[in-house]
1. Restrict the search to region 98-173; then list the GluC sites (Glu not before Pro) that DSSP places in a loop and that have at most 15 other Cβ atoms within 10 Å of their Cβ.
2. Per 10 Å bin, what is the whole-percent P(r) computed from every C-alpha pair distance within region 159-248?
3. Only counting other Cβ atoms within 10 Å, I'd like T322, T466, T452 sorted with the fewest neighbours first.
4. Among the listed pairs K257/K318; K147/K468; K147/K178; K80/K178; K211/K334; K94/K147, give every one whose C-alpha distance is greater than 21 Å.
5. If N is the number of residues in region 165-323, what value comes out of its Cα radius of gyration divided by 2.2 N^0.38 Å?
6. Any chance you could check the Cα centroid distance between region 155-176 and region 121-138 for me, in angstrom?
7. Going by Cα centres, region 278-327 and region 220-270 are how many Å apart?
8. When you take every Cα atom in region 29-162, what is the radius of gyration, and what is Dmax, the widest Cα pair distance, in Å?
Amino acid sequence: MDLVAYLNLCSERPDTRVGCCEISGFSGLLCIFVLLLYELSIEKLVQGGEGLARLNDGRVCFVRGGLPGERCRVELTAGKKDFARGRVVEVLEKSADRVQPRCPLYGKCGGCSLQHLDSAKQVQYLERVERENFKRIAHQELPADFKIYQAEPWGYRNRARVVYLGEKDGRCRFGFRKQESNGVVAIENCPVLTPGLNDFLKNAKAAEIFKGLKRIPKDLELNLFDDGTGRVAYYFRGMPESRRQECSVSTVEMGGKEIVSDASVFFQSNLSLLPRLVQSVREAVDEGIASGAASDEWLIDLFSGVGFFAAILQDKFKRVTTVEREPLCLKYAKVNLCGNGGVAGVSPAERVAEAAESSLSKQGQQGDPRLRGDDKKVVKEDSRWSEGEASPFTQVENVSAPAEDWLAKNVVDKPATLIVDPPRTGLPPEALTAIVKSSVNRLIYVSCDPVTLARDFAKFSTAGFTLKRAEGFAFYPQTPHLEMMFVLAR
Ligand SMILES: C[S@@+](CC[C@H](N)C(=O)[O-])C[C@H]1O[C@@H](n2cnc3c(N)ncnc32)[C@H](O)[C@@H]1O
């Protein structure tokens, strides 16, 4: 907090507590600290899970750990001209929905900041937050039937990134990065992770994990992925290529397909609720085709990751295009869209190896950099079945490029079915403009950030699109995050 803001705060005469301590080794040197404590009433929960309260000067204060209806003693942590931030140090009047956080690291590790709210009530609160958000940002109401699907509130998270902290008594020790700081907090057990991931954290042996490594880099981060059966795949930068197949590749059965992925790339992190999202997307696709607003001629899956949605839906379409920026995803997208979701007797790892090998033989000794995944500059279309091979299934193109670049170069001139699933930042403006200018009349927008979704919707709305369907998916219980699916049409 800067000095002016600090003095402003003092002038409001809050409940100020002064303390002092002697810094050891510097006798006579006293450090005086002042805690500015306010008694505030929390009005409502806002995006990010903080409680909203008002200071005497009219500024809003976002209070970490506060729940609507509570009166709390709050320590201010930041003061700006228009708003302030604080955290609850004491709850004076408690909400009936407040519970004891289950995790001993609550407030320390930076994740799961909504643990003080009863799990059974979280969805209700998030629905209210999203309705308000949408009204504020998109100036429209979410449909009355907007609902949020939910599954297990604990032990659900199948993906994690942990920091290796060394080995003690033959056991690896791991930590989570703190939010908004580079610090690390050590973990023994995390109640939102799947039992498979917690077993890994408890039993991992450094000699096994880091086999083949001469030296373990400092601050090494590991990506962990539980495929839903408790088998954990892992990846860290510098992992010997020879160990990649065995350690990083995994397969998830979803929507009647075997989807192959790798712990180093994006994959959804709530496998128990994912089938519900898949069902909603499938229904939205079917409705679009049945209504004639979209067609079964062409499915375009933008921000496709390893081709997750396209692989599950490809049987419905004559032509499928996946577009993804991360080059490593390409080889998995190729495998996942190679046909009917698996060849009997051939393991997914073998399919990945086969795809890479066949590309190497086609491209010469150096191989195709898209399959090596080491050339981020390659922006080139790969038409798997257009090289003279007849596809027994669908015509498939797996493209390694930013979605906005692909849209700029490719004319979408038929009423294709379009799915977009961008990262938290939402659609790049050029991508949104290109979609609006194309002949796409209906799109399915999957989002992990309701704020950027509302922002993008407002732009689509100006261009004539209306909201046909809106659903939420509580993919991240104990946190304020929410997955959403919108269907837009014009
Ligand atoms: C939320 S994930 C969705 C992945 C996939 N739909 C799935 O369900 O597994 C977003 C993906 O978009 C990719 N991405 C981010 N920016 C991109 C861009 N400008 N163009 C294409 N892909 C992008 C990321 O690498 C990531 O794989």
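Rule-based calculations on the coordinates, nothing more; no lab input. All values derive from a computational prediction rather than experimental measurement. In this analysis, Cβ positions are derived from the backbone assuming ideal geometry, glycine residues included, and neighbour counts consider all displayed protein chains.
1. Taking region 98-173 and a limit of 15 other Cβ atoms within 10 Å, the loop GluC sites (Glu not before Pro) found are E141.
2. Computed distribution, short to long bins: 16, 53, 29, 2.
3. Working: T322 31, T466 12, T452 17.
Final ranking by Cβ density, sparse to dense: T466, T452, T322.
4. As for pairs spanning more than 21 Å Cα to Cα, those are K147/K178; K80/K178; K211/K334; K94/K147.
5. On the way: Rg = 19.3 Å, N = 159, 2.2 N^0.38 = 15.1 Å.
Normalised Cα radius of gyration, region 165-323: 1.28.
6. Centre-to-centre distance over Cα atoms comes out at 34 Å.
7. So the two Cα centres are separated by 23 Å.
8. Spelled out, the Cα radius of gyration and Dmax of region 29-162 are 16.7, 63 Å.
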